[in-house]
Amino acid sequence: MSAPAPGVSPELKALMRKLKLGRLLDTLPERLALAKSHGLSHAEFLEQLSSDEVLRRDADSAERRARAAHLDPYMVLEAWDDDAKVTYDHEVWAELVSMRFVDQARNAFILGPVGVGKTFMATALGHIACRRRISVHFERAEKLHKRLKAARLDASYDQEMRKLIGVDLLILDDFALSALGMQETADFYELVVERHRRAATVISSNRDTDEWLTVMADPLLAQSAIDRMKSAAWELVIEGESYRHNEKPTLGDTSADSLAPRPRRHHVL
């Protein structure tokens, strides 16, 4: 029978809390036992504790940034289903995951039909950026246009645009899903011009980039904006089956299991 983990005195607990190291108390008894069984020196033990705290603080910091960026907490790279029946250029994806495109202020287009994982991949890039202390903002394009329209009414438009222009990585999901009016086209043009070669943008869309022109009200502004974006962009095209039909209950199945809330399948977006 193994010996119980060493206890932690009330005095040590109080000191650690004063030093804002209280979270280390959760694992300190186990760390003490491990240090004793492995014969760690005082310096090695202190290094292990410090490493634990740094990892915890980094994780907490990344989580706060992800929440502020409005990222789905479940759409992280490690949750991607490698057995998904989709195809894409893995070399391009590896390049995007490296985040070099953000450092270089380039863009990324994630394109493909409904349900193949575009939103998931775009969000996963956002989480990677948050872990690297890169500022991120994620928003559905249609919702963004509506928000900017409302911002004009309460005189907060300039402030909102400054935030969008200033963020290191802007992620626009479901872009060009529906037609863009004159003002929406002008807003998109303004964002592109101000961010061009200064900051990175990721756009997911069901439409090919050539189709974006057809849904924008002002062809001149649209052409100018899209040409700028395409001149400094990676393009990742995803093809394959949608997962969503797998989540539907069988027709006529009225059992308790079929009617109960189903677990969320996070790779299906």
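For segment 77-240, the dipole from Cβ point charges (+1 on Lys and Arg, -1 on Asp and Glu) about the Cα centre works out to 640 debye, to the nearest 20. Computed from the Cβ-Cβ distance with R0 of 22 Å, the FRET efficiency linking D26 to R132 stands at 0.25. In the frame of its principal axes, segment 77-240 has Cα extents of 47, 34, 26 Å, reported largest first.
When the pairs K18/K163; K118/K143; K149/K230; K13/K36 are compared against a 29 Å limit on Cα-Cα distance, K18/K163 fall above it. When the trypsin sites (Lys or Arg not before Pro) in segment 133-172 are filtered for DSSP coil states and for at most 14 other beta-carbon atoms within 10 Å of their beta-carbon, the remaining sites are R133.
Could you please state, rounded to a whole Å, how far the C-alpha centre of segment 175-199 is from the C-alpha centre of segment 74-105? Taking the Cα centre of segment 74-105 as reference, the centre of segment 175-199 is 24 Å away.
Cβ crowding within 10 Å, taken as a proxy for footprinting-reagent exposure, orders I238, I171 from fewest neighbours to most as I238, I171. Sorting V136, V76 by the number of Cβ atoms found within 10 Å of their own Cβ, with the fewest placed first, yields V76, V136.
We did not get these values from a lab; they are worked out from the coordinates using the rules stated. Worth saying up front: this structure is predicted, and the values here are computed from it rather than measured. Every residue, glycine among them, receives a Cβ derived from its backbone with ideal geometry; neighbour counts consider all protein chains shown.
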